[in-house]
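Written below as structure tokens is the structure these notes are about.
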Amino acid sequence: MDNDRLAQLLFPDITNTPDYYENLYPERQLPDKAEVTRIGPSPTGFIHLGNLYSATAGERLAHRTGGVFYLRIEDTDNKRKVDGAVECVISSLDYFGIKFDEGAEVEGSSDNNSYGPFYQRQREQIYKTFVKDLVKKGLAYPCFCSEDDLTKIRTIQSDEKLDLGYYGKWAKCRDLTYDEIEKRVKAGEPYSMRLRSSGKPGNTIKFRDEIMGEINLPENIMDVVILKSDGIPTYHFAHAVDDHLMRTTTVIRGCEWLPSVPIHVELFNVLGFRRPRYAHTAQLMKIEDGKKRKLSKRKDPELSLGYYCELGYHPQAVKIYLMTILNSNFEEWYQKNHDKPIDDFKFSLNKMGTSGILFDLSKLDDISSTLLSELSMEEVYKFFSDWMKKYKPEYTDIYFADENKTDKIMQLCMGIGQKRRRKDFINCTQMFDYLSYFFNECFSPDYDFGDNSDVSAILEDFKNNYDYSDDASAWFSKVKQTAEKFGYTSDMKAYKKDPEAFKGNVSHVAEIIRIAVTGRRNTPDLWTIMQIIGLDSSIKRIDNAINSINK
Ligand code: GLU
């Protein structure tokens with residue numbers, strides 16, 4: 001076979017050689033040990049925690065070593081493409097503080113720096129140049145098998161319990177003659193391009209994964225497709241060409257790609273590229289009914305990054321939590337170095353989990369409430385109001401109309417000026433619900449006073465004695481008076497000694513008032529709440545509660 005002639009027949013328009021691109025994208029001039037990492041999401045419109053997990057690892061590794069972290073859009077599969085997906089990737093990652101040094105930009109432009117284009121569909125000429133070169137070397141060939149042909153092959157193979165795929169005697173197009181190929185190409189028959197694998201059954205390859213450790217896998221024996229019939233590369237081929245030319249030093253990606261490494265190793269070899277290091281990240285799992293299972297797109301909304309933006313988790317909290325599950329020694333470091341920037345932590349790949357990383361939302365909630373309790377009131381206020389403007393615009397005026405009132409609410413609910421800050425806030429959605437009782441427009445209580453026939457009389461009595469100008473202690477004295485009047489003691493010691501001697505104690509009475517005024521059993525200081533919502537509203541709410549009982 002005259003391979004040069006075949007290459008010319010298949011790729012007449014390709015005039016560049018691999019050397020051209022090697023020179024165009026030279027080795028990067030970076031400090032010693034600097035790492036070049038990337039993420040390569042497909043523009044499916046769904047960016048998930050797994051992406052953020054890998055992205056955080058890549059970003060940390062690159063930036064901790066003075067290297068480069070870039071974004072490549074892997075859009076070779078047009079069927080899965082969704083409009084606006086790239087914006088979604090960039091804005092979601094930006095929300096979590098993941099910044100790229102290079103890579104795809106929102107408008108689809110790509111030449112923002114010298115290692116682009118960063119959209120794979122814009123790299124067709126590059127891929128074809130390398131395929132043409134492989135054809136010249138007898139390492140790739142055209143395959144005219146149709147989907148039907150391939151299905152037939154697979155059916156026989158599966159009946160005979162053989163490895164499925166295009167290899168050995170099944171690789172029908174491997175040894176077509178030049179004349180036959182020419183005839184079929186000229187007749188316009190569609191064809192894909194395949195690697196001529198030199199792998200042998202029974203051989204294994206050994207490599208070190210930066211996360212998973214030593215790995216042994218069977219050598220690749222498949223003549224895998226490298227260019228599909230529409231001229232677009234497969235993931236495998238694009239990965240080899242792009243990560244080489246973009247000079248990636250460590251490929252961090254999900255462990256679903258681990259079984260494909262033998263294909264990639266062979267591709268790097270035939271292309272004459274130095275292989276990057278691999279770091280395959282373990283699957284994220286959750287516990288359900290006592291069992292660990294994979295997070296699933298269908299069942300678990302928390303897998304999507306949009307979930308955290310929409311619920312209004314503080315990005316810093318998500319980052320702290322991610323670091324906690326990324327590196328086993330982070331939590332201890334963070335406790336000791338609370339005042340330092342998180343990026344001071346010495347992130348490393350070999351401290352990452354190798355199987356089933358547990359993602360625990362309640363742990364994230366703990367981290368979130370602690371983080372919010374450490375922020376200044378202004379910071380929380382700004383974070384919350386920005387979220388409200390975006391996700392609850394119709395309520396923004398209600399919550400923020402009276403700045404003075406909102407200030408007091410935030411001060412109270414965050415425990416500003418108290419011995420210890422409160423940790424009532426978790427995320428903006430929960431804050432939004434939590435704060436709703438402060439605003440008459442949003443106050444729609446479902447009173448639950450339990451089984452107590454004194455409730456309306458207690459409320460009536462308290463209301464009649466209530467004076468807005470009472471200070472907290474005068475207010476509490478009146479609560480006590482009401483309590484005593486109805487047989488609820490304000491002597492807690494006496495109550496503890498002999499609870500049966502009383503109907504209850506003053507805290508039970510306070511709870512009744514609290515439920516009437518706020519609709520809740522647990523709130524911050526009730527006197528302050530009544531000061532904030534005002535005399536009229538307080539009285540009206542108590543009246544409503546009484547009416548609801550007497551109905
Ligand atoms: N496009 C691939 C994916 O979304 C990226 C894998 C990689 O990072 O190499 O799974």
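No value in this document is a laboratory result; all are computed from the given coordinates. Computed from a prediction, not measured in an experiment: that's the story for all the values here. When we count neighbours, we look across all protein chains shown, and the Cβ atoms used for this are built from the backbone with ideal geometry, even at glycine.
By the Cβ-Cβ criterion of under 4.7 Å, the unpaired cysteines of the chain are Cys88, Cys145, Cys255, Cys309, Cys413, Cys428, Cys442. Here segment 137-158 is scanned for amide nitrogen atoms under 14 Å from the site 7 Å beyond the Cα of Arg196 along Cα-to-Cβ, giving 137-143. When the listed pairs Lys79/Lys228; Lys319/Lys389; Lys463/Lys485; Lys382/Lys419 are checked against a 18 Å cut-off, the alpha-carbon distance exceeds it for Lys319/Lys389; Lys382/Lys419. When the chain is described by a simple charge dipole with +1 on each Lys and Arg Cβ and -1 on each Asp and Glu Cβ, the residue from Tyr313, Phe476, Ile181 located farthest towards its positive end is Ile181. With the simple model of a label 7 Å out from the Cα in the direction of the Cβ, Arg208 to Asp101 spans 2.3 nm.
On full extension, the segment bounded by Leu162 and Lys297 gains 45.3 nm, given 0.36 nm per residue less the C-alpha separation.
When the Cα gyration tensor is reduced to axis lengths a ≥ b ≥ c, the ratio a/c is 1.5 or higher for segment 1-116, and with a/b not above b/c it is classed as oblate. How far, in degrees from 0 to 90, does helix 261-271 lean away from the longest principal axis of the Cα atoms of the chain, to the nearest 10? So the inclination is approximately 40 degrees. Could you calculate the FRET efficiency of Tyr447 with Glu379 from 1/(1 + (r/R0)^6), where r is the beta carbon distance between them and R0 is 30 Å, rounded to 0.05? Calculated transfer efficiency: 0.30. Cross-link partners for Lys161 among the lysines, with Cα-Cα distance under 17 Å and sequence neighbours closer than 8 places in the same chain left out: Lys152, Lys169. The amide H of Met285, built 1.01 Å from its N in the peptide plane, has Leu295, Ile357, Leu358, Phe359 as neighbours under 5 Å, considering only residues 5 or more places off or on other chains.
Shown here for segment 415-519: trypsin sites (Lys or Arg not before Pro) in loop regions (DSSP other than H, G, I, E, B) with at most 11 other Cβ atoms within 10 Å, namely Lys419, Arg420.
Loop-located GluC sites (Glu not before Pro) across segment 12-62 with a Cβ neighbour count of 13 or fewer within 10 Å are Glu27, with loop assigned by DSSP.
Helix 124-136 sits at what angle to the longest principal axis of the chain, using alpha carbons and giving 0 to 90 degrees rounded to 10? Once rounded, the angle reads 40 degrees. The charge dipole of segment 321-409, taken about its Cα centre with unit charges on the Cβ atoms of Lys, Arg (+1), Asp and Glu (-1) only, comes to about 280 debye. Of the Cα atoms belonging to segment 213-370, the radius of gyration and Dmax stand at 19.2, 57 Å. Each peptide in 6-14, 184-192 gets a packing score, the mean of other Cβ atoms within 10 Å over its residues, and the list from highest to lowest is 6-14, 184-192. Placing a pseudo-label 7 Å from each Cα along the Cα-to-Cβ vector at Arg420 and Asp94 gives an inter-label distance of 4.0 nm. Each residue, Lys81 and Thr354, gets one label point 7 Å from its Cα in the Cβ direction; the gap between the two is 4.1 nm. Gain on full extension, evaluated as 0.36 nm per residue between Glu394 and Thr370 minus their Cα-Cα distance, stands at 5.7 nm.
Equivalent-ellipsoid semi-axes for the chain (Cα gyration tensor, √(5λ), whole Å, largest first): 66, 23, 22.
Using only DSSP helix segments of four residues or longer, with each worth -39500 (n - 2.57), what per-residue ellipticity at 222 nm results for the chain after dividing by its residue count and rounding to 500?
Working: 23 runs with 250 residues, N = 551.
Rounded to the nearest 500, the figure is -13500 deg cm²/dmol.
About the centre of its Cα atoms, segment 437-490 shows a dipole size close to 220 debye [charges on the beta carbon of Lys, Arg (+1) and Asp, Glu (-1) only; nearest 20 debye]. Counting only alpha carbon atoms, the long axis of helix 235-245 and the longest principal axis of the chain meet at about 90°. Taking a ≥ b ≥ c as the square roots of the Cα gyration tensor eigenvalues, with a/c under 1.5 meaning rounded and otherwise prolate when a/b beats b/c, else oblate, which class fits segment 195-237? Oblate shape, in that a/c is at least 1.5 and b/c is the bigger or equal ratio.
Please work out whether segment 136-236 counts as rounded, prolate or oblate from its C-alpha gyration tensor, where a ≥ b ≥ c are the square roots of the eigenvalues and a/c under 1.5 means rounded, while otherwise a/b larger than b/c means prolate and anything else oblate?
Values: a/c = 2.15, a/b = 1.61, b/c = 1.33.
Since a/c reaches 1.5 and a/b is larger than b/c, the shape of segment 136-236 is classed as prolate.
Cross-link reach is defined here as a Cα-Cα straight distance under 21 Å, omitting same-chain residues fewer than 8 places apart; for Lys33 the lysines meeting it are Lys99, Lys346, Lys351. Altogether, the Stokes-Einstein calculation at 37 °C and 0.692 mPa s, with the Kirkwood radius of segment 457-550 over Cα pairs as Rh, returns a diffusion coefficient of 242 µm²/s. One Cα centroid belongs to segment 462-512, the other to segment 328-396; the line between them spans 41 Å.
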